[in-house]
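The structure appears right after this line, and notes come after that.
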Amino acid sequence: MRRGRSNTTSLSPADLVPLLCDNCGSALPGADEAAVFVCPACGRAHERCDERLSSFAPLTAAITTELAVAGPVQYLAVWRLNVSVSAGDDSAWERIRKATLPEEAYIYVPAFSLMRPVVQRLGVSLTEAQPSLELTSGSGAAGLRRPALVDAGLGAGARSAAGAPGPDFGPFSPVVVGRQDARVLAHFVYLAVESHETRDLRSVDYELEPAGEELVFVPAVWDPRCIHESNWRLLLREFDGLVA
């Protein structure tokens with residue numbers, strides 16, 4: 001039987017024309033579900049916007065934990081949203097905002113997963129903790145300051161402290177939640193935070209308007225013992241009490 005030629009019309013645009021970084025010209029990796037493409041060479045992020053790619057510089061948070069780390073360090077994509085919230089004086093958000101003064105309070109939306117428990121648990125944990133992040137422009141782990149007690153490996157395939165293998169996406173997670181979706185999910189995280197203060201969310205009266213967002217890569221290790229953070233141990237000092 002004669003085999004016909006392959007039909008090129010069945011190929012996706014990404015197969016026909018590779019996406020290139022507008023900063024250094026490198027090919028941008030990313031699966032079909034990617035919302036943001038991050039250049040592996042220079043760390044520039046590229047997001048779809050009106051049939052084109054708009055680029056911006058993401059941020060990478062340094063490891064600030066003072067505890068030893070076992071297992072490979074991976075950086076999780078998170079949107080950090082500056083928001084304007086109108087809520088009651090007895091709301092959880094008002095308590096968080098006052099505790100954060102004079103710094104800004106942010107809502108955090110995980111961008112590396114579409115799973116509801118991940119978005120809720122990590123989003124709530126980061127929003128309630130309001131970590132003081134030491135940020136570096138770009139998505140590169142090289143040169144980030146690490147405490148002397150931290151034994152941080154960057155290779156994929158190593159096992160966690162509990163002996164279970166973690167996600168194999170490598171040092172930096174994919175970004176599957178875009179900017180616009182993050183603004184919508186900010187309401188979901190906000191209401192999850194408020195649910196800690198009230199049992200009846202129908203009585204929660206609030207207005208939330210995003211005023212800006214930043215894509216931040218947060219250092220973490222996969223650890224199934226951290227079930228309340230969706231099996232991720234965030235390598236920030238604000239979370240040391242959870243594993244000390």
Problem set entry | Proximal charge balance of GLU238 [Cβ under 15 Å; K/R count +1, D/E count -1] | -3
Seminar exercise, completed: Note, region 81-86: 3J(HN,Hα) by Karplus (6.51, -1.76, 1.60, θ = phi - 60°), whole Hz, Gly/Pro = x, goes 9, 8, 10, 9, 10, 10
For this session: Work out from phi, with θ = phi - 60° and the Karplus expression 6.51 cos²θ - 1.76 cosθ + 1.60, the ³J(HN,Hα) of each residue of region 107-113, listed in order in whole Hz, and give x for Gly and Pro.
Result: 9, 9, 10, x, 10, 9, 8
Seminar exercise, completed: Here region 166-182 yields Karplus 3J(HN,Hα) values (6.51, -1.76, 1.60; θ = phi - 60°; whole Hz; Gly and Pro given as x) of x, x, 9, 7, x, x, 10, 6, x, 10, 10, 10, x, 4, 5, 5, 4
For this session: Quote to one decimal, in nm, the extra length available between CYS42 and TYR206 on full extension: 0.36 nm per residue of separation minus the C-alpha distance between them.
Result: 55.0 nm
For this session: Could you pull out every residue, at least 5 positions away or on a different chain, whose amide H is within less than 5 Å of the one on VAL69? Hs are placed 1.01 Å off N in the peptide plane, and Pro or chain starts have none.
Result: ASP151
Seminar exercise, completed: Note: SER54 to GLU66 extended length (0.36 nm per residue) minus current alpha-carbon separation gives 0.6 nm
For this session: Take the Cβ-Cβ distance between LEU20 and LYS98 as r, set R0 to 41 Å, and report the resulting FRET efficiency rounded to the nearest 0.05.
Result: 0.30
Exercise. Fewest first, what order do ILE107, ILE63, ILE227, ILE96 take by the number of other Cβ atoms within 10 Å?
Worked result: ILE227, ILE96, ILE63, ILE107
Problem set entry | Rough spin-label spacing in nm, given labels placed 7 Å along Cα→Cβ, for ASP90 and HIS228 | 2.4 nm
Problem set entry | Under 5 Å, built H, 5+ apart or other chain: amide partners of LEU20 | LEU28
Exercise. Between ALA111 and residues 5 or more places away or on another chain, which pairs have amide H atoms under 5 Å apart, with H built 1.01 Å from N, and which residues are they?
Worked result: ALA77, VAL78, TRP79
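Read the figures in this text as sums done on the coordinates, not as results from a lab. This one's a predicted model, so the numbers in the text were calculated from it and none came from an experiment. When we count neighbours, we look across all protein chains shown, and the Cβ atoms used for this are built from the backbone with ideal geometry, even at glycine.
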